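Participant: Provided herewith is a single structure, encoded as structure tokens, for subsequent inquiry.
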Amino acid sequence: MQYKNPIIKGFHPDPSICRVGEDYYLVTSSFEYFPGIPVFHSKDLVNWTQIGNCAARAEEFPLEQVKDSGGIWAPTIRWNQGTFYVTATLEQYGNFIVSAQDPAGEWSSPVWVPVGGIDPSLLFDGDRVYYCTNQSLHPGREEITLEEIDVRTGRLLGAQKTIWSGVGGGFLEAPHVYHIGDWYYLLAAEGGTNFNHMITVARSRSVDGSYESCPGNPVLTNLHDASRQVQCSGHGDLFQDHLGNWWLVHLATRISRRTMSHLGRETFLTPVTWEEDWPVVGNNRKASLICEGPLWAEQEAEKSWQADFSNRKWEPEWIFLRRPVEGAYERGEGSLKLHPSTVTFEAAKSPVFAAVRQCDFGCETEAVFDFEPRREGDEAGLAVVLASDFHYRFGKKRTQEGNFLVVEKTAEDFRQTAFCAPAPEGELRLCIRADKEFFTFCYASGEGEIHQVCKASTRFLSCELAGKCFTGTVIGLYAMSEVTTDAVMEVKEFKMTPQPE
């Protein structure tokens, strides 16, 4: 059956998956965004629903001081004897494990594991549990290490062992160990997470080695893919479905223009077969947008997403930079109120900004709101954000001359007011229409006619131009001011609708 990649769109990198009966659960990295580690559920591998977030208590996962693309990354999810376990890395704090009986409910407080390195993974093997990470134990060389642990306490139960050093691709990371038949398989990523990214495999008769490299390594890479539609494939997790078929979930990027992508690294699904007890991934070891695989359900058409402001509960798709600003948001009775703060995006702290991931190149994001600025510098509207110094703002702003609609572009040290015109009074409808090449900014007064004001290139918000960027574009509501103010942004509607590309 044919299906389309990515199966989870937008900034959802480093996927890990586990199966419980005929149910599948998947987690991805969240970096500096809160709540952390989104959790997805599926019955068929191609239609996924976000059911929660693992790291949802801000006081337990301090993100206030993390820089762009820092925070929480590379989670692994596993299930054992009725309990789900997720382990991940929190920058500056180390590796941790959280657990839950219901993955859609609350997860435990983090159990900190006294093991160095990043990208941790768990292997439940009989009555033993092994913890696996990548570490730089010697200058200029990464290695995969393994140790037995008590998964409830994080306590080490044995000596740490180095089990593999990769195939020389560099930046060895993302290890997972599996016990399949008579073999232990070690899956890892190499080459860095850009165009050289790849997945490599080794195997051993014993969990602690020695491991022999697959003669077909790398088993997945798009480095030499001339089509350039998909790039950066790597960091994956191997699994078997309930019908006995094998698959790999992994990250990859879709290219928007030239060699650039602003959506970030997304979650792909690629079928796996076996030859001589080695995994063979996909068609010629490449990830593809269109795949054939032994599925049992049709992939559903994409749907629009609209916020529900009828109660105080945030939908799981909402994310905030580092943590929600206390007292800045009021939900319920059909609206969301945002109280501006003096924190800007450039401050790399926690601005008043509630967003969702941009999941399609072609999409339309719309907000209907009232905002009457009280003091000079009061500003509120819609923003497209890649990083603290790469973002576009489209909002209503108070200046010395009055209230204006503005489009402000920020790309590192480049600043430009791309549009400035007197703002209408009363209810305002802002719309950002996106395609592969541009964001187009439009507005209407109340139910009036939509007016297009200007465009901004997507390439200035691409991960490749920004440099070391592991996230992707998010679009959301913001409110800020140069001084303390009692102005309030009251949002009546916020929705994102996919559009033909």
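Participant: Pull up region 46-74, narrow it to residues that are part of a loop (DSSP other than H, G, I, E, B) and aromatic (F, W, Y), then point me to the one that is farthest from E317 (Cα to Cα).
Facilitator: Of everything passing the filter in region 46-74, F61 is farthest from E317 (Cα to Cα).
Participant: Right, here's the next one. Give, as residue ranges, the strands (runs of 3 or more DSSP E) completely inside region 272-323 that count at least 3 residues that are within 19 Å of the chain's Cα centre (by Cα).
Facilitator: 319-321
Participant: Moving on. Give the number of residues within region 144-172 that are part of a strand (DSSP E or B) and over 16 Å from Y211 (Cα atoms).
Facilitator: 3
Participant: Filter region 94-114 for residues that are outside any strand (DSSP E or B) and within 13 Å of G154 (Cβ to Cβ) and give the result.
Facilitator: S108, S109, P110, P114
Per-residue answers, yes or no, for (1) part of a loop (DSSP other than H, G, I, E, B); (2) over 20 Å from the mean Cα position of the chain (by Cα):
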position	(1), (2)
Y185	no, yes
A202	no, yes
H224	yes, yes
F239	no, yes
H262	yes, no
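Participant: What number of residues within region 375-400 satisfy the criterion of being in a loop (DSSP other than H, G, I, E, B), modelled with pLDDT of 95 or more and more than 15 Å from T458 (Cα to Cα)?
Facilitator: 5
Participant: Let me ask something else. Are any of the residues in region 413-424 part of a strand (DSSP E or B), crowded, with 21+ Cβ neighbours inside 10 Å and assigned by TED's automatic domain parsing to the domain that holds E490?
Facilitator: Within region 413-424 (the criterion being part of a strand (DSSP E or B), crowded, with 21+ Cβ neighbours inside 10 Å and assigned by TED's automatic domain parsing to the domain that holds E490), the answer is no, since none of the residues qualifies.
Participant: With farther than 24 Å from Q499 by Cβ, touching a strand residue (DSSP E or B) at 6+ places or on another chain (Cβ under 7 Å) and surrounded by 14 or more Cβ atoms within 10 Å (Cβ to Cβ) as the only criterion, which of E302, E330, E372 stands out?
Facilitator: It is E330.
The values are calculated or read from the model by the stated rules, or taken from the named source; none is laboratory data. Note that this is a predicted model, so its numbers are computed, not measured. FYI the Cβ positions are ideal-geometry reconstructions off the backbone, even for glycines, and counts take in every protein chain you see.
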